[in-house]
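To start, the structure under review is shown below, and the notes come after it.
The values are calculated or read from the model by the stated rules, or taken from the named source; none is laboratory data. The structure displayed is predicted, hence computed values, not measured ones. Don't worry about glycine lacking a Cβ; one is built from the backbone with ideal geometry, like all the others, and counts go over all protein chains shown. For accessibility, only protein heavy atoms count, side chains too; no ligands or nucleic acids. Shrake-Rupley method; radii C 1.70, N 1.55, O 1.52, S 1.80 Å.
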Amino acid sequence: MSDLAQLLVAIGGMVAAILGGVAGLVTAIRTSGRERPAAASKGASRFAKELAAAAEDGELTPEEIAEAIRQLGEEDT
């Protein structure tokens, strides 16, 4: 290959890498903006249901709260 061809191949690879990084960043920012509020709302709703179920006997203990938090964490993973 000539020096010019090598230079063009290197520049093309660098441009592709930069554009791929920018596209990934834009996608991550746009997606996280929609997913975070939805996930927070869903998690809060599930946590409230767990606490309501634990409080049905009229007493809410720290163990019951810890269990609700643990179950919420297990469902997210």
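Pairs please, first residue from segment 43-59 and under 16 Å from Arg70 (Cα atoms) and in a helix (DSSP H, G or I), second anywhere and among the acidic types (Asp, Glu) and open to solvent by 60 Å² or more (accessible area, probe 1.4 Å), Cβ atoms under 8 Å, 6+ apart in sequence or on different chains.
If the second residue must be among the acidic types (Asp, Glu) and open to solvent by 60 Å² or more (accessible area, probe 1.4 Å), the pairs left are Gly43/Asp76; Arg46/Glu75; Glu50/Glu67; Ala54/Glu67.
How many residues are closer than 23 Å to Glu74 by Cα and either open to solvent by 60 Å² or more (accessible area, probe 1.4 Å) or outside any helix (DSSP H, G or I) (or both) when one looks only at segment 13-37?
The total comes to 4.
Condition check: modelled with pLDDT of 90 or more, surrounded by 10 or more Cβ atoms within 10 Å (Cβ to Cβ) and assigned to a helix (DSSP H, G or I). Does Ala10 satisfy that?
yes
Only residues that are open to solvent by less than 60 Å² (accessible area, probe 1.4 Å) and polar (S, T, N, Q): list them for segment 38-66, please.
Ser45, Thr61
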